[in-house]
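Please read the structure below before turning to the comments.
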Amino acid sequence: MGKKEFISADRFYNAFVTEWETSVASGIFGIGHNPYQNLPAWTDLMLSPGQFLQRVMDRLSSLELPLLYRNQWYTVDALYVSGENLFPKKGEYPSSLQVLIEHEHGEDLEEEMWKLIHWRAPLKVIIGYDWSEIEKTTDARRSWAANKVTKLLKMLQTVNDSFLENPDTEYLFLMGRRFEAEPLSWTAFAVKSPSEGTPVVNTWGRSGINFTASTSHRPSPPTSITQGIEAPTILTRGEAAPPHEFQ
């Protein structure tokens, strides 16, 4: 039996950024667009079938790992699923949950983290929103994202002390800026669920680069605080196969 294929944090990040660039270029997420102008509309653009996170999935789906997009299953905002349907009599019960995604406008990311810690999947993603640079008028706001990720990782460690998660499980925290004159920029923090000791955090996009229609670069390989994971693989839409329905 060959090695099973999973979606890694760096692959997801690159597909996310590539689709973000495409969406900005097409005007879906343009200058002045931010989550707090119209929260329901932004949530729809991010989560609804056919919208942004499904298009990210389309870049990751392949003949070797066909993915299906589902949202609002058992209170999880978005899921990339694959495999066989284990109980077709009652609907869809996929054998593999490849990616679990929680999208949160507010500050209480701990609720989403608790949920994801207790679900089983190779990759778990939280999308949240940091203060914009102009709003970082206090130390608390300037350090909010880093402090929040630290707190989420402490939650993970505490639960792992009780019952250890598969050490190959990855967590990815994507932080956008709240209000920007330009299209949102993103910072990513990635970590593997540790078997022991302190989680190893990889940070991408530290410089706050805006991935806009005018930029021609792609994200650089992860810069590791203590050790790295493999360099990102850039996927293009031409490499992604359409999602397959359950047999």
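The values are calculated or read from the model by the stated rules, or taken from the named source; none is laboratory data. Not measured: the values here are computed from a predicted model. Cβ placement follows ideal geometry from the backbone for every residue including glycine, while neighbour counts extend to all protein chains displayed.
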Problem - Which listed residue is hydrophobic (A, V, I, L, M, F, W, C), touching a helix residue (DSSP H, G or I) at 6+ places or on another chain (Cβ under 9 Å) and closer than 23 Å to I7 by Cα, from W119, W114, W131 - result: W114
Exercise for the section: Would you be able to say whether some residue in the range 74-84 is surrounded by fewer than 21 Cβ atoms within 10 Å (Cβ to Cβ) and either of a type in the set (F, W, Y) or part of a loop (DSSP other than H, G, I, E, B) (or both)? Expected result: yes
Practice task
Can you confirm whether the range 149-164 contains a residue that is closer than 24 Å to W42 by Cα and either at pLDDT below 70 or in contact with a Gly (Cβ under 7 Å, 6 or more places away or on another chain) (or both)?
Solution key: no
Problem - the range 50-73, residues that are among the aliphatic types (A, V, I, L, M) and surrounded by fewer than 16 Cβ atoms within 10 Å (Cβ to Cβ) - result: L63
Practice task
Please go through the range 27-81 and pick out each residue that is in contact (Cβ under 8 Å) with a residue 24 or more places away in the chain, acidic (D, E) and out of contact with any helix residue (DSSP H, G or I) (no Cβ under 9 Å at 6 or more places or on another chain).
Solution key: E64
Practice task
For the range 110-134, enumerate the residues that are outside any strand (DSSP E or B) and closer than 20 Å to L45 by Cα.
Solution key: E112
Practice task
Answer yes or no: is there a residue in the range 89-99 that is at pLDDT 95 or above, surrounded by 13 or more Cβ atoms within 10 Å (Cβ to Cβ) and closer than 20 Å to F189 by Cα.
Solution key: yes
Problem - Only listed residue being closer than 22 Å to S23 by Cα, among the charged types (D, E, K, R) and modelled with pLDDT of 95 or more, chosen from E111, E182, E104 - result: E104
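So which residues in the range 135-186 are among the acidic types (D, E), more than 22 Å from E104 (Cα to Cα) and in a loop (DSSP other than H, G, I, E, B), if there are any at all?
Matches in the range 135-186: E165, D168.
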